[in-house]
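Data block below; observations after.
The values are calculated or read from the model by the stated rules, or taken from the named source; none is laboratory data. The shown structure was predicted, so the numbers you read here are calculated from the model rather than taken from an experiment. Quick reminder, even Gly has a Cβ in these numbers, built from the backbone with ideal geometry, and neighbours come from all protein chains shown.
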Amino acid sequence: METSEGWLIFYHGVRVTASGSLYRVGMALLDLDDPRKVIGRTDRWVLGPEEMYEYIGNVPGVIFPTGVIVDPATGEVRLYYGAADNSVAVATANLQDLLMALKNGTQ
């Protein structure tokens with residue numbers, strides 16, 4: 001998603017553990033002119049399964065980003081994501097808070 005600070009992306013990642021795979025969502029900010037240049041990236045996942053509907057379904061414990069919009073009036077980011085391959089949910093955050101966290105290296 002294009003912002004004044006750069007391209008804000010949400011991505012799906014998988015980490016394989018002895019107990020199975022962990023599916024989570026990460027976030028990064030890329031340079032507007034050269035998106036190969038990473039301005040900031042979270043060092044931890046920003047969203048992972050917590051609720052029962054994210055654990056019970058066709059693929060338990062899996063969430064993955066599917067779409068994002070920003071309300072221009074409020075700056076609220078709405079990240080739509082698949083939950084357990086059974087439903088779609090939405091997580092919200094403030095755009096400026098996300099950008100500040102990415103630029104400052106905090107979460």
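Exactly one of these conditions fails for residue 43: (1) closer than 29 Å to residue 84 by Cα; (2) not in a loop (DSSP other than H, G, I, E, B). Give me its number.
(2)
Give the residues of the range 1-29 that are assigned to a loop (DSSP other than H, G, I, E, B) and either modelled with pLDDT under 90 or not hydroxyl-bearing (Ser, Thr, Tyr) (or both), sorted by residue number.
Hits for the range 1-29 are 1, 5, 6, 18, 19.
From the residues in the range 22-60 that are without any contact (Cβ under 8 Å) to a residue 24 or more places away in the chain and not β-branched (Val, Ile, Thr), which one is nearest to residue 100 (Cα to Cα)?
Within the range 22-60, the match that is nearest to residue 100 (Cα to Cα) is 26.
For the range 8-24, name all the residues that are surrounded by 15 or more Cβ atoms within 10 Å (Cβ to Cβ) and either of a type outside the set (Val, Ile, Thr) or in contact with a helix residue (DSSP H, G or I) (Cβ under 6 Å, 6 or more places away or on another chain) (or both).
Across the range 8-24, the qualifying residues are 8, 10, 12, 22, 23, 24.
I want to confirm something. Restricting to the range 1-21 and keeping residues that are touching a residue at least 60 places away in the same chain (Cβ under 8 Å) and hydrophobic (A, V, I, L, M, F, W, C), which single residue is farthest from residue 71 (Cα to Cα)?
Applying the filter and picking the extreme gives 10.
Of the numbered conditions (1) in contact with a Lys or Arg (Cβ under 8 Å, 6 or more places away or on another chain); (2) in contact (Cβ under 8 Å) with a residue 24 or more places away in the chain, residue 71 satisfies every one except a single condition; which is it?
(2)
Taking the range 68-98, which residues are out of contact with any Asp or Glu (no Cβ under 8 Å at 6 or more places or on another chain) and on the phi > 0 side of the Ramachandran plot?
75, 85
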